[in-house]
Structures are given as structure tokens and as C-alpha cells.
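Working notes, beginning with the structure itself.
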Protein chains: 2
Amino acid sequence: MVAVRARPIVLEPLAAAEPCAHCDARSYSVCNAIEIKDLERLAAMAVSISVEPGRSFIVEGDPAEHFFNVTAGTAKLFKLLPDGRRQITGFAGTGHFLGLAVSSVYAFGAEAVDPMRVCRFSRPKLRAMLDDFPAMETRLLEVASNELVAAQEQMLLLGRKTARERLASFLIARASIPTHCVAQAPGMARTVTLPMTRGDIADYLGLTIETVSRTLTRLKADGLIEIPSNGAIVLRDRAALESVAGGLD
Amino acid sequence: MVAVRARPIVLEPLAAAEPCAHCDARSYSVCNAIEIKDLERLAAMAVSISVEPGRSFIVEGDPAEHFFNVTAGTAKLFKLLPDGRRQITGFAGTGHFLGLAVSSVYAFGAEAVDPMRVCRFSRPKLRAMLDDFPAMETRLLEVASNELVAAQEQMLLLGRKTARERLASFLIARASIPTHCVAQAPGMARTVTLPMTRGDIADYLGLTIETVSRTLTRLKADGLIEIPSNGAIVLRDRAALESVAGGLD
DNA sequence: CGTTGTGTTGATATTAATCAACAAGTGTGG
DNA sequence: CCACACTTGTTGATTAATATCAACACAACG
């Protein structure tokens, strides 16, 4: 069964708009919940910003003044303990919303993994926007619900899965992320690109760098994956990986 | 700083409505976003159900036909692996909403920890309700955002904290849950009631029963807590507990 | 070239899991 | 009222998984 997936919402100010080579619509207006003309009005309220790899654009504990929509690249979202231990709570790719919090301060930090573009709204403008476009609020609620489901899945991973199961889960999940357009081969990318470092993967999976490295080596030795280069992994036996990811064998 | 906390939303059909001894309004209509008369109309669309301890009322993977609002008692929400490993992703107390998922099947199971009452809506009726009351949708988005923040905090706990830190975090978090009314002593209950078993705590914190037991014993020996009975824990040194919970010392 | 960041691999340490025994509380039925 | 099973919780001995410490390989970059 191939899930029907909503297109990622990508808000981009008109000035920065680029036509998409693959989608039918223009890349900055990929949203199935709002009329195009409204989207343009809406996008005009925002600022488009480039973020270089390694650069933080949200700092945990800072006043939450902005709301972001990722329009290109990938961010890592994380929480820190005073002694430096870090948990990456997720990677935010194109279409992701950041900074929804009700609280007045950000509950997490965000840093670019690769060259990013984000679209930034002030929170009052976001509020005005939601009041103007109820459909947008509905869509955001859907987005938040989906993230909640993903968060629960990650809790299962962190609380109960072995290192091997965690890596398999991670690779399978990564393989189902649409890279750009949503219309795609039936949910299956055989080569997974990993823009993040082993350290990021470790902090995402609640492991150490060494364990991530060793576990990938074992998965390779077992014929489940190939590692053509850092930053890419080929899923040689997707069914077996899914089985491992689900806690079987 | 004492956070201003919104009242829990409690929807209860009129037949089951009971006046609250502590709140100014009636207990079943505690919602700061909707007019009382609308709420009554809305509550009339729902069914109130009692759930005995140990009874499941949401099964992971089943068609997601209903949407629930907890009106009394506590539920545990969990995900399972095929071999029986279980991760409790949260405990849902009075005011919590369950079953928001966009997906057509439930992403988690829910089981009553103690005698519960839940208010049940069919999902189409929920949709109609949200269309009728945009304020309700706004409120749900806030709720979902807060749960997302809590989920991230739990990921930090599961991925990076020691057993001792996990227990301390759990106790501190439990101590800040308003039992019934929200207006309360400045955020601080010294005695924490734990309706769930050690096994539930273990599955929530990603530990085993034995480790939970041992760690509580150690916290007691260190003078941070007292354990007058199963089901209750007295925080003897809240500051120290908070310090441990935050990853210090 | 050295330097730095990233990744791999090996040896050892440590935390928490597992295996096991037992204690305390609860409910049942004789 | 007491024997009994059953559930829940505690504590001890041992094991296993992963973390930690350490060395080294390799690529990117000034």
C-alpha cells in the first residue's frame, strides 16, 4: 500500500521563487490547503534566509520570536543537557515547520546540516496568518499530529530497540522521505543520502559514534547494506532491514 | 516564575455533568476557548464512557474511528514491538485528547491505569466540531504543540539520561501535574501519587522493573525521597531532585 | 605538507539487563 | 479464619550490551 502523502508546504517569498522542474506548480507555493493567490499574499509577509551548514538559527531557551518553514536543505533539532550531552529530536527537511511552541521560549535548538533556506515569520504575523487562513491552521494541526506520531515512534526506538534495530529503523525511515517532489517511485529509494555526520546519527539514535560505526559495519558485513561513501548508504535487502527495524530476528 | 497554565479542556455529555467543587465553572465545561452554550451543544455530540483499570480502549493498528477526551482518571499510551517489548509514550490525565492522528489507524494503544471516564466523539463529528468552532482547532493546535515539546523532552530522557536522572525527571514532572483544578499551590506538590505500577514506570522510562525499584531505593537512601507506600512518593529534597533530573551532579 | 574533522576498529569498563529468590499484599474458596 | 494462588515489588548474583578510552586511517583544506 502506497500512502497518499500530502505535498510539503513550502512558503517562499516571491522574490526568491524558483519554478520547479518537476512539480506542476511553482516550488514556493506547494500547498494543497490554500489558494495560490492567498499563498502569494501570505508568502509576502515572510523573509527568506540562507543558513550555512553548522549555523544555528534557533537557540534553545531564547525568546521564541519567529516561526520557520524549511524551503531547502536539512536542519537538525536538538536538546542539550548542561554537561553537553545532546539528543537530536529530529531532522527537519523541506516543508517542515519549526517553532510552533506555545511557550515564549524555544524548547529546542536548530542548526543547519547542509546549505539551507528557511522562510521566517514573526510569531504575531503567524497568528494573523492563521486567523486569515483557517485552512492553514487545519493543515498545521495535521502536521503537528503527524510529528507527534513520529515522536512516539522515536520514543519506542530510544526506549526499547537495540543498536542494530535503531540503525535499521533509521535507514528505513530515511528511505521513505521524498527528496524533492512527492510524486515518486512507490515509496522506495534504494540509495539513502545522509547529509548528517555519524555524530548526528548517534545523537539522534541515543548511541555513541563508535556504536553507530560498528553497527553499520555489521549491517554491511551481513549483506543488508552497502556504504559506497560517507553520506550515502545503499539498501541491499530492504525487506530484511524492515524486519530488523520492526524488532524481528 | 510560575507559568500561567490554561485550564484542561474537559468535555462531558450533559447527563454526566457534575458541578466542580473548586472551579468557578461547571467541571465538564472547563474550556477557555469556547462559549459555554456552544460547549454544551458540542458535548451533546459525544458519549461518556467508563473504563475500568487495565481495560484497553484504543488498540494500536485498529481503525481510528474515535477521538477521546479524558474526563477522569489516567490512561497509559503505548507502542509495542512484535516480541512484546513495550514503550509507554505517555500518561494521559484529565483534559488530555487522544486519537488526533491524521492516519486512518491508531498509532498507539491506550489502557486505563485507574478508573477512568472518557468522552468519545466519532471522527466525522470531531471534524464537524472543528469546522463549527475554529477556536477549538486553535486550542487543539496549542495542545498538540505542547505535547510535541513534552515528547522532545522525553526523547532527551530516553536517549541521553541515566536511570537515576530518568527517575528524578519523572518525579519532578509528576509533581507539576495539576491533580484537578489548575489554580493550585505554586506548581509544587510535595507528595506525588503514582497510580501506575513499577512496570509501567519502567516501560515509560525505557528501563526494567528491577532498575526502577533499585533506583528508587537509592534515591530514598540518599534522602531525596520517601516511599510511604506503593503509589505515593514524597519529595524530600525537591531542589536536589531537580538538579539530578537536569543532568547535574 | 601539516592540520583538522570525520570515521573506523580494538581493548576495556560500566551501566543496566537478565536470571533468580523471596517478601508483602490481595483476593478466593474451603 | 486460614491456606492458596497471584500480583507486585524488592534485592542479590551474574551477564550482556553499549560506552569509554585509545590508536589509527583518510579526506578536505589552508
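The values are calculated or read from the model by the stated rules, or taken from the named source; none is laboratory data. Remember, it's a predicted structure, so these values are computed and weren't measured experimentally. Here the Cβ is made from the backbone with ideal geometry for all residues, glycine too, and neighbour counts use every protein chain on show.
Summary table
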| quantity | calculated |
| --- | --- |
| Residue check for B:Gly199: within 14 Å of DNA strand C (Cβ to nearest atom) and either exposed (fewer than 14 other Cβ atoms within 10 Å of the Cβ) or outside any helix (DSSP H, G or I) (or both) | yes |
| Criterion violated by A:Phe121 - all others in (1) surrounded by fewer than 21 Cβ atoms within 10 Å (Cβ to Cβ); (2) away from chain B (no Cβ under 14 Å); (3) out of contact with any Pro (no Cβ under 7 Å at 6 or more places or on another chain) satisfied | (1) |
| Single condition A:Ala135 does not satisfy, out of (1) facing chain B (nearest Cβ under 10 Å); (2) touching a residue at least 24 places away in the same chain (Cβ under 8 Å); (3) more than 18 Å from the chain's Cα centre (by Cα) | (1) |
| Residues located in the range B:166-180, provided they are of a type outside the set (S, T, N, Q) and either within 14 Å of another protein chain (Cβ to nearest Cβ) or part of a helix (DSSP H, G or I) (or both) | B:Arg166, B:Leu167, B:Ala168, B:Phe170, B:Leu171, B:Ile172, B:Ala173, B:Arg174, B:Ala175 |
| Only listed residue being modelled with pLDDT under 95 and more than 12 Å from chain B (Cβ to nearest Cβ), chosen from A:Ala112, A:Ala72 | A:Ala72 |
| Qualifying residues in the range B:35-61 (those that are more than 16 Å from DNA strand D (Cβ to nearest atom) and hydroxyl-bearing (Ser, Thr, Tyr)) - the one modelled with the highest pLDDT | B:Ser50 |
| Hits in the range A:216-229 (condition: closer than 18 Å to A:Glu242 by Cα, under 23 Å from the mean Cα position of the chain (by Cα) and either more than 7 Å from DNA strand C (Cβ to nearest atom) or not assigned by TED's automatic domain parsing to the domain that holds A:Thr191 (or both)) | A:Ile225 |
| Residue satisfying condition, being modelled with pLDDT of 95 or more, within 14 Å of DNA strand D (Cβ to nearest atom) and in contact with a strand residue (DSSP E or B) (Cβ under 7 Å, 6 or more places away or on another chain), within set A:Arg164, A:Arg160, A:Arg198 | A:Arg160 |
| Within the range A:43-55, considering residues that are in a loop (DSSP other than H, G, I, E, B) and of a type in the set (Gly, Ala, Ser), the one surrounded by the most Cβ atoms within 10 Å (Cβ to Cβ) | A:Ala46 |
| Count of the range B:138-152 residues which are at the interface with chain A (Cβ under 7 Å from one of its Cβ atoms) and either in contact with a Pro (Cβ under 7 Å, 6 or more places away or on another chain) or not aliphatic (A, V, I, L, M) (or both) | 6 |
| When residues of the range B:203-212 are limited to those that are crowded, with 20+ Cβ neighbours inside 10 Å and within 12 Å of chain A (Cβ to nearest Cβ), the one nearest to DNA strand C (Cβ to nearest atom) | B:Leu207 |
